[in-house]
Structure formats: structure tokens, C-alpha cells
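First up is the structure itself, then whatever we jot down about it.
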Amino acid sequence: LDVPTEGLILVTNDGQYAREMELPSNELHRVYRARVHGLLTPYKLRAMKSGVKIDGFRYGSMLVTPESGRKNATNSWIK
């Protein structure tokens, strides 16, 4: 995790279990919650859902759902 983030860290000494948890082929469902600074527009949501390129690195598509809150807020939360 980065410094301004928080979350659950699972610690285990079972190497096989740890490997199974991290493999994308096991399709373990993960949910991330992130704070978005700036206005979250429909254009930005569509871009995240189709994949984005940041600093030369391509990120795949994401299922992004804005959390309820004030409309047109400059700080929002997404899942």
C-alpha cells in the first residue's frame, strides 16, 4: 500500500496459499475504494471503464462505481 492509503494486509507463512491468493487465474474478487481528487465527470468514468494510460503504462479496464455523495463535489470516492 502507498503512504496515503489504507487497507487489509493478509500475512501468512503458507507459500502455496499466498500464491493462490495472488494469481489472477483464481479469479479472487477484490474490491478497492479510492478517493478521487477533482471533478469526477462521465468522461472520466468512461475512460476508467475502458482502460487508461498514465505515464506510459497502460492500465486495463476497471469496473468503477461512484459512491453516493454530493453531486459535482471536487473530492469523490469510487469503488
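The values are calculated or read from the model by the stated rules, or taken from the named source; none is laboratory data. Note that this is a predicted model, so its numbers are computed, not measured. Neighbour counts are summed over all protein chains in view; Cβ atoms, including those assigned to glycine, are modelled from backbone coordinates with ideal geometry. Only protein heavy atoms, including side chains, enter the accessible area calculation; ligands, DNA and RNA are left aside. Shrake-Rupley method; radii C 1.70, N 1.55, O 1.52, S 1.80 Å.
Only one of [x] 1.35; [y] 1.28; [z] 1.93 was calculated from the structure for Cα Rg over 2.2 N^0.38 Å, and its label is [x]. Ligands, DNA and RNA are left out, and with a 1.4 angstrom probe the accessible area of the chain is 92 Å² per residue.
Note on Arg33: accessible area is roughly 130 Å² with a 1.4 Å probe, heavy atoms of protein only. For the residues Ser68, Ser50, Ser25, a GNM of the chain with alpha-carbon springs under 10 Å puts the largest fluctuation on Ser25. Report summary: the helix-based calculation at 222 nm, which adds -39500 (n - 2.57) for every DSSP H run with n ≥ 4 and divides by the residues of the chain, gives -6000 deg cm²/dmol. The relative contact order of the chain, computed from alpha carbon pairs under 8 Å that lie at least 6 residues apart in sequence, is 30 percent.
Could you look at region 16-79 and say what percent of its accessible area is carbon and sulfur, using a 1.4 Å probe and all protein chains? The nonpolar share, carbon plus sulfur, comes to 55 percent. If you plug the beta carbon distance of Met48 and Thr74 into 1/(1 + (r/R0)^6) with R0 = 22 Å, you get a FRET efficiency near 0.80.
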